[in-house]
Amino acid sequence: MEPQEYELMDRVEGAMWWYRALHARVISALSRCPGPSGRPLLDAGCGTGGLLARLVAAFPEREVFGVDVTPEAVRRAQRKVPKARLVIGSVSALPFQQGSFGAIASCDVLCHRLVDEAAALAEFRRVLAPGGTLVLNLPAHEWLRSAHDERVHNARRYSGARLRSVLGRAGFAVREMWHWNTLLLPLMVLQRKVLARGSWARSDVALMPPLVEAMFRAVTGVEGMLVRVGVRFPAGGSLLAVAERPA
């Protein structure tokens with residue numbers, strides 16, 4: 001990403017409604033599907049460490065690793081999460097031995113223009129132990145492409161069918177998949193397609209006024225409860241998948 005995007009992410013990911021919702025969904029998925037017990041967790045493409053901090057807090061019994069290709073991101077993540085083990089490296093050539101991890105989380109990484117999708121998924125499968133869990137979060141719907149995608153260098157957005165296909169080809173069995181950030185999707189469309197559609201527009205990584213942050217957190221909280229009782233939405237800003245490396 002652009003250097004200023006790392007600074008923005010570092011500054012807001014502990015408080016911004018979207019990151020809080022994302023991290024809660026990843027933690028929930030890993031709690032349901034933790035992979036082989038006792039094996040470490042990996043945040044593949046850990047950025048500035050917001051999810052790493054949540055993983056360390058949620059799974060104190062497991063060792064937590066992070067990897068990112070950008071030294072600046074790794075430096076910021078290590079400062080934020082001193083208990084995590086951080087490594088500089090590419091998701092397309094992970095610097096870990098085969099079968100090292102019980103679970104991998106990777107958020108908004110496969111979509112990046114510098115990531116080889118097939119190579120990254122092959123690497124995720126290689127470093128997962130048999131029966132290990134892969135949790136992916138990715139931007140949904142190609143029609144939602146906007147200036148935000150340009151700022152964070154997203155090369156692709158995903159449909160459920162496409163994500164199932166690429167996971168299947170990579171040797172993963174999909175256990176769960178759902179859209180989220182659905183209830184706020186109309187506002188997202190308005191922001192990205194109407195209000196900030198020019199090349200001048202910045203990314204959406206920014207704190208809202210406190211009242212708006214609280215409202216958005218409440219809305220995504222309600223949506224999370226609906227998902228937990230089995231509601232699945234046909235569209236949303238993001239797509240989350242839980243897959244397994246077969247034993």
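The values are calculated or read from the model by the stated rules, or taken from the named source; none is laboratory data. Everything numeric here is computed off the predicted structure, so don't read it as measured data. All Cβ positions, even for glycine, are placed from backbone atoms using ideal geometry, and neighbour counts span all protein chains on display.
Listed values, structure above:
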{"read-out": "Lone unmet requirement of (1) touching a Ser or Thr at 6+ places or on another chain (Cβ under 9 Å); (2) closer than 22 Å to Glu7 by Cβ for His112", "value": "(1)"}
{"read-out": "Meets criteria (farther than 24 Å from Pro34 by Cα, of a type in the set (A, V, I, L, M) and under 18 Å from the mean Cα position of the chain (by Cα)) for Val69", "value": "yes"}
{"read-out": "Of all residues in the range 16-60 being closer than 20 Å to Ala77 by Cα and of a type in the set (D, E, K, R), the one that is surrounded by the fewest Cβ atoms within 10 Å (Cβ to Cβ)", "value": "Arg20"}
{"read-out": "Subset of the range 170-192 [of a type in the set (D, E, K, R) and under 26 Å from Val229 (Cβ atoms)]", "value": "Arg175, Glu176"}
{"read-out": "Selection from the range 112-139 of residues that are of a type in the set (A, V, I, L, M, F, W, C) and at pLDDT below 95", "value": "Leu114, Val115"}
{"read-out": "Any hit, the range 132-145, residues being of a type in the set (A, V, I, L, M, F, W, C), closer than 13 Å to His112 by Cα and out of contact with any Ser or Thr (no Cβ under 8 Å at 6 or more places or on another chain)", "value": "no"}
{"read-out": "Among the candidates Leu30, Leu42, residue that is assigned to a strand (DSSP E or B), at negative phi and either at pLDDT 95 or above or out of contact with any strand residue (DSSP E or B) (no Cβ under 9 Å at 6 or more places or on another chain) (or both)", "value": "Leu42"}
{"read-out": "Breaking point among (1) touching a strand residue (DSSP E or B) at 6+ places or on another chain (Cβ under 7 Å); (2) modelled with pLDDT of 95 or more; (3) crowded, with 18+ Cβ neighbours inside 10 Å, for Val174", "value": "(3)"}
{"read-out": "Pairs, first in a loop (DSSP other than H, G, I, E, B) in the range 49-60, second surrounded by fewer than 20 Cβ atoms within 10 Å (Cβ to Cβ) and among the polar types (S, T, N, Q), C-beta under 7 Å, six or more apart", "value": "none"}
{"read-out": "Only listed residue being of a type in the set (A, V, I, L, M, F, W, C), touching a Ser or Thr at 6+ places or on another chain (Cβ under 8 Å) and within 22 Å of Gln97 (Cα to Cα), chosen from Ala21, Ala44", "value": "Ala44"}
{"read-out": "Criterion (touching a Cys at 6+ places or on another chain (Cβ under 8 Å), of a type outside the set (A, V, I, L, M, F, W, C) and either closer than 27 Å to Leu30 by Cβ or not in a helix (DSSP H, G or I) (or both)) met by exactly one of Arg156, Arg164", "value": "Arg156"}
{"read-out": "Residue within the range 71-90 that is closer than 22 Å to Pro246 by Cα, in a strand (DSSP E or B) and β-branched (Val, Ile, Thr) present", "value": "no"}
{"read-out": "Residue in the range 64-79 that is touching a helix residue (DSSP H, G or I) at 6+ places or on another chain (Cβ under 8 Å), among the basic types (Lys, Arg) and either closer than 25 Å to Val212 by Cα or surrounded by fewer than 19 Cβ atoms within 10 Å (Cβ to Cβ) (or both) present", "value": "no"}
{"read-out": "Single unsatisfied condition, Glu150 versus (1) modelled with pLDDT of 95 or more; (2) not in a loop (DSSP other than H, G, I, E, B)", "value": "(1)"}
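Residues are listed down the side, and each one gets a yes or a no for (1) touching a helix residue (DSSP H, G or I) at 6+ places or on another chain (Cβ under 8 Å); (2) in a helix (DSSP H, G or I); (3) touching a residue at least 24 places away in the same chain (Cβ under 8 Å); (4) not small (Gly, Ala, Ser):
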site	(1), (2), (3), (4)
Val109	yes, no, yes, yes
Leu114	no, no, yes, yes
Ala118	yes, yes, yes, no
Glu123	no, yes, yes, yes
Arg126	no, yes, yes, yes
Gly131	no, no, yes, no
Leu134	yes, no, yes, yes
Asn137	yes, no, yes, yes
Trp143	no, yes, no, yes
